[in-house]
Amino acid sequence: MKKTNLTKTKLALAIATAAMISTPVLATNGDTLIGLGAQARALGGTGTAAFFGSENALTNPALLGKSQGTEFSIGGTLFKPNVKATSNVATAVSAAFGVPGATNDPVSQTSDNDTNVIPEVSMSTRINENLTFGLGMFGSAGMGVDYRDTDALFNGYSNLQIMKFAPTLAYNEANFGIGFAPVIQYGSLDINYDTDGDATNGGQGNGMSTDLGYGFNLGAYFDVTKDFTLGLAYQSAISMEYKDQVSVAAAGFGLPQQGVNLGDKLEQPAEIKIGAAYTMGNIMLTADAKQIKWADAEGYKDFNWEDQNVFGLGAKYTGQGYWVGAGYNFGSDPIKKINDNTYTGQAVDLFNNHFFPAVVESHITFGGGYSLTKNMMIEGAVVYAPEVTKTVNTSAVSAGLAYQGAIDDGQDADVAAGVAGSVGGTSHEVNHSQIGYTVALKMNF
């Protein structure tokens, strides 16, 4: 059964393809964090109209026009996704080939890549009455899945990280402001997978690929009254290319022969955001709505991602030397199941489900801040996404792999068809929940 290993190789490459197409993820709204900064994350990911200080640099750069003096904030997020994959795609193929001891029972593993540290630094300083300069450096997206302990999941491992650097200039008048931030984005991707389903024999991968991409953020705000602010912001798409990653994996799986030609470009999508903030004494209420343009982004659109509508709500109470807040964020699952009976369609669904588990939708948020001194405050936030389960049909994929494996073993078409027919139904299920802890130290001068 030496050719059975080739079947495993092809499926491993398929899984690798999925990992390399996906940038995040395991973040929250698709592959992106729901908010950047402690206050934004505590208040449901809002910040398009609500002024939170220098952390607004990557959300709505115009809001830096509301700052006074100089502010510096440094912190990070401890992000802990919990992802579990359950599949009988590989086991059913092995059973069809009569591998001793093999059954078509599903195999499960919880990903070992369950802890990520995401840094963030921001500052702003007022130049004069009308101009403010800001700077933001944030880890904005990333992904990682680690199934290296499970042969039946092809010992797959992936790790992608994205960091953004954004110098900002904001102009303000008495009741409105505009802001612009050129964005430099750094991305790195590392993927390894085992070609024969036996981790003891080592794995294969193309090593780490990196790239720099460039884009911009543009924003505006208008104070309708002294207590009510409206905001609007646009984040451009940023094209990235990870050399010899997606294209090589797709070719190994035979996707070009199926009419699916994938390059190595992976575009971080554009975002359009609107928001409102209303203050009543010590209480501020915030609301944001944004659309993430996955359906237009290179790479994601090839894997059937659709535009994602995201809504955030937040409430904050400010006391003497402290604040507390809570919020809610909802972003619809952007990954649309093809859910047909074709090999290619089910392969795409499998890719997304196994290495694109960006399926969480609801996020419950809360946090607070406390003044340590007159000029220094410590802030924190917690974001929790309840578990979501998603299952896709993979029967055509398993049958196709079994058929091709039999052909590669030298069997004729009739025998190969019999092997494929003996596989039976297969599926892939993913369970995904998240929790993130953000801490930041803010200093004002």
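Of all accessible surface on the range 335-429 at a 1.4 Å probe, what whole percent is carbon and sulfur?
Ligands and nucleic acids excluded, carbon and sulfur give 55 percent.
Residue separation times 0.36 nm, minus the C-alpha to C-alpha distance between residue 435 and residue 84: what's the value?
This chain segment gains 124.9 nm when fully extended.
Lys/Arg Cβ at +1, Asp/Glu Cβ at -1, dipole of the chain taken about the Cα centre: which of 286, 186, 393 is farthest positive-ward?
Checked the options; the winner is 286.
Cα-Cα over 19 Å: which of 301/336; 374/442; 80/273; 66/226; 66/442; 80/293?
80/273; 80/293
Using mean Cβ contacts within 10 Å as the protection proxy, how do 89-97, 53-61, 367-375, 166-174 order, highest first?
53-61, 89-97, 166-174, 367-375
Summing -39500 (n - 2.57) over the DSSP H runs of n ≥ 4 in the chain and dividing by its residue number, what mean residue ellipticity at 222 nm do you reach, to the nearest 500 deg cm²/dmol?
For the chain, the value works out to -5000 deg cm²/dmol.
Roughly speaking, to the nearest percent, how much of the range 54-198's 1.4 Å accessible area is carbon and sulfur?
Solvent-exposed carbon and sulfur of the range 54-198 make up 57 percent of the total.
Out of (1) 23, 47, 25, 4, 0; (2) 23, 44, 25, 7, 0; (3) 26, 49, 21, 4, 0, which label holds the value of P(r) over Cα pairs in 20 Å bins from 0, in percent that was computed here?
Evaluating P(r) over Cα pairs in 20 Å bins from 0, in percent on these atoms matches (3).
Of the listed peptides 340-348, 133-141, 325-333, what is their order by residue-averaged count of other C-beta atoms within 10 Å, with the highest listed first?
Output ranking for 340-348, 133-141, 325-333: 133-141, 325-333, 340-348.
Using the heavy atoms of the protein chains and a 1.4 angstrom probe, tell me the accessible area per residue for the chain in square angstrom.
Value returned for the chain: 38 Å² of accessible area per residue.
What net charge do the residues around residue 163 carry, taking every other residue with its C-beta under 13 Å from that of residue 163, with Lys and Arg at +1 and Asp and Glu at -1?
-1
For the range 321-414, what ratio Rg/Rh do Cα atoms give with a Kirkwood hydrodynamic radius?
That ratio equals 1.36.
The values are calculated or read from the model by the stated rules, or taken from the named source; none is laboratory data. As the structure is a prediction and not an experimental result, all values here were calculated from the model. No Cβ is skipped: glycine too gets one built from the backbone with ideal geometry, and neighbour counts run over all protein chains shown. Remember, those area values only see protein heavy atoms, side chains included, never the ligands or the DNA or RNA. Shrake-Rupley method; radii C 1.70, N 1.55, O 1.52, S 1.80 Å.
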